[in-house]
1. May I ask you to list the residues in the range 1-31 that are in contact (Cβ under 8 Å) with a residue 40 or more places away in the chain, surrounded by fewer than 21 Cβ atoms within 10 Å (Cβ to Cβ) and either small (G, A, S) or in a loop (DSSP other than H, G, I, E, B) (or both)?
2. Go through (1) hydrophobic (A, V, I, L, M, F, W, C); (2) part of a helix (DSSP H, G or I); (3) under 17 Å from the mean Cα position of the chain (by Cα); (4) under 14 Å from Y28 (Cβ atoms) one by one and return the number of the condition A210 breaks.
3. With the condition kept exactly as written, say whether any residue in the range 110-129 is open to solvent by 90 Å² or more (accessible area, probe 1.4 Å), touching a residue at least 60 places away in the same chain (Cβ under 8 Å) and not polar (S, T, N, Q).
4. Return the residues of the range 213-240 that are of a type outside the set (A, V, I, L, M, F, W, C), assigned to a helix (DSSP H, G or I), within 20 Å of A186 (Cα to Cα) and open to solvent by less than 30 Å² (accessible area, probe 1.4 Å); say none if nothing qualifies.
5. Quick test of your reading of the structure: R207 fulfils all but one of (1) closer than 21 Å to L170 by Cβ; (2) out of contact with any Cys (no Cβ under 9 Å at 6 or more places or on another chain); (3) of a type outside the set (A, V, I, L, M). Name the failing condition by number.
6. For the range 144-157, check the following and say yes or no: at least one residue is buried (at least 20 other Cβ atoms within 10 Å of the Cβ), touching a residue at least 40 places away in the same chain (Cβ under 8 Å), over 20 Å from R24 (Cα atoms) and within 22 Å of the chain's Cα centre (by Cα).
7. Looking at (1) hydroxyl-bearing (S, T, Y); (2) at pLDDT below 85; (3) open to solvent by less than 70 Å² (accessible area, probe 1.4 Å); (4) part of a helix (DSSP H, G or I), find the lone condition where T59 falls short.
8. Filter the range 258-292 down to residues that are open to solvent by 90 Å² or more (accessible area, probe 1.4 Å) and under 13 Å from R225 (Cα atoms) and give me whichever is modelled with the highest pLDDT.
Amino acid sequence: MLARAAADFYWMGRYFERAEHTARLLRYQLARLVDTPAGELAVGWRVIYRALGQSAPITPTVTDEAESFLLADAYTLAASLVEETTNPDSIIRCWTTARDNAKQLRPWLPVRVWTCLNQGFFWLRDCDFPAAWATGPAGLAGEAIDRLRLLAGVVEARMPRDDAWRFLELGRFVERLQHQAALLDAWDRIGQAPGDAPSLSWAGLLRVCAAHEFYCRTHSMVIRRGPALAFLARNPELPQSLCFAVHRIEKLLAGIDPRGARYPLAAPHRMVLRLSATVETDPANQNDAEGDGGSFEALLKDSRALHGITVSTYFDYPVEAGLPS
């Protein structure tokens, strides 16, 4: 297929995944506004902004001041990630940009996929945000998640398993890998504090990743740092795990570029093998339940490098070189 069409599918998948990731973070944070101490809420906002790669909001350290700040500005902080069209990670910006990509792909998109995407866009564009915040702020993020998952289901049911679908899914899982690595790093670095200082629970991280019930069913009701991070990094059956994303990327690249999956490996395939090895070699000292924290920085750096290599290999290659495969 044309490189520009492949790029549009790839970016459309990335924007879908980014919108859902932002919505999941917001739903967790906003659902806790009523009965969570102000200091813990402030930590939660810092983790969210760090995980999204944005400047963290400046929050007071004194509890009384923190309570006043959060009561006045919690909705402002959330609104910038929902309805702010200039924020590249806001839900409305991601949805709008994905729709712009889809406009260029109408010949490849089934009608039902375009209709579902368009309906979600008009719902968000015409949403009465003040009324939605007044009714229940977490409800707006929850409905956005439901609509995005409906769209993912329609894509799964209606699109043939050709290169268009592969590039769309590749964008989704490259985005998921980057965001999950950033989230685990932010939660481990910023969300945990020594002593009695406000911090976030590991059960909360599992809930954000829709993994709490699965973890409790297969491991233990007692949740500690090491096992939780290892579960979210290396469990191949968990859709939000790093391992799951890497394996899906590997399969999608093999379908897009079969020759590149054989020796000598093409650059994207080599990077995926490197990412797979990094995930399996205990990033951030996951096996140390009481450790002082390692770093997901190497994994995050390699996941960003995978994006750059994918773009240069399949979208921005020199015309005279032709397709790699």
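1. M1, A3, A5, A7, A31
2. (2)
3. No.
4. Initial filter on the range 213-240 (of a type outside the set (A, V, I, L, M, F, W, C)): 213, 215, 217-220, 224-227, 234-237, 239-240.
With the extra rule that they be assigned to a helix (DSSP H, G or I), the set shrinks to 213, 215, 217-218, 225-227, 234.
From what is left, the residues that are within 20 Å of A186 (Cα to Cα) are 225-227, 234.
Scanning the range 213-240 gives R225, G226.
5. (1)
6. Yes, because at least one residue in the range 144-157 is buried (at least 20 other Cβ atoms within 10 Å of the Cβ), touching a residue at least 40 places away in the same chain (Cβ under 8 Å), over 20 Å from R24 (Cα atoms) and within 22 Å of the chain's Cα centre (by Cα).
7. (4)
8. Step one: list which residues in the range 258-292 are open to solvent by 90 Å² or more (accessible area, probe 1.4 Å), which gives 259, 262-264, 270, 274, 280-281, 287, 290, 292.
Filter again for under 13 Å from R225 (Cα atoms), leaving 287, 290, 292.
Values: N287: 57, E290: 49, D292: 44.
Result: N287.
The values are calculated or read from the model by the stated rules, or taken from the named source; none is laboratory data. Computed from a predicted structure; not experimentally measured. Reconstructed Cβ throughout: ideal geometry from the backbone, glycine too, with neighbour counts over all protein chains shown. Areas reflect the complete protein model, heavy atoms only, side chains present, ligands, DNA and RNA absent. Shrake-Rupley method; radii C 1.70, N 1.55, O 1.52, S 1.80 Å.
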